Amino acid sequence: MTGNGGVVEVSDTTWERAIERGTLPAVVMFYSETCPFCKQIEPYFRQFAGDFGEKLLFARLNVSENPWTIERYAVRQTPTFKFFCTGKPVQEIIGAAFPALLKRNIEEFLKHGEGCARSSTEIDDEITGYG
């Protein structure tokens with residue numbers, strides 16, 4: 001895991017420790033280097049990491065380099081923003097989003113954070129179907 005401007009870069013190998021077993025709720029931006037919308041929203045994502053980084057983990061995952069995680073969470077488009085509470089995905093924004101929409105979702109996620117894990121379902125570790 002590497003940090004850059006309040007945003008942590010995660011991978012297939014660091015995902016479990018950072019997101020699923022992390023101590024903070026997380027917002028993950030699934031991106032690709034060739035995605036123009038990812039490049040447009042990233043400065044805002046970094047700004048929100050600075051604004052809300054004490055309460056939330058902000059992370060990025062490159063979809064081109066991490067096929068296991070994108071398969072597991074059915075990421076089919078970039079950017080995709082997924083919100084995780086106690087390691088469980090509870091909310092997402094798919095595709096190009098206005099910065100104001102992303103910020104509002106982050107604020108709402110923080111506001112209703114205590115109930116988010118109770119209303120989500122548990123992840124089964126054996127979901128890939130391989131082996």
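The values are calculated or read from the model by the stated rules, or taken from the named source; none is laboratory data. This structure is a prediction, so every number in the text was calculated from the model and none was measured. Cβ sites come from the backbone with ideal geometry, for glycine too, and all protein chains shown count toward neighbours. The protein model used for the area step is the full one, side chains on, heavy atoms only, and it has no ligands, DNA or RNA in it. Shrake-Rupley method; radii C 1.70, N 1.55, O 1.52, S 1.80 Å.
Numbers below:
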quantity: Residues of the range 1-64: accessible area per residue with a 1.4 Å probe, Å²; calculated: 51
quantity: The range 44-49 - phi-based ³J(HN,Hα) in whole Hz, Karplus 6.51/-1.76/1.60, Gly and Pro as x; calculated: 5, 4, 5, 4, 5, 4
quantity: Bins of 5 Å, starting at 0 and running to the largest distance - Cα pair percent for the range 1-92; calculated: 3, 15, 27, 29, 19, 6, 0
quantity: Within straight-line cross-link reach of Lys88, lysines at Cα separation under 18 Å, skipping those fewer than 8 residues along the same chain; calculated: Lys55, Lys111
quantity: Leu24-Glu108 pseudo-label distance in nm [points 7 Å out on the Cα-to-Cβ vector]; calculated: 2.2
quantity: Net charge over other residues, Cβ less than 12 angstrom from the Cβ of Tyr73 (K, R count +1; D, E count -1); calculated: 0
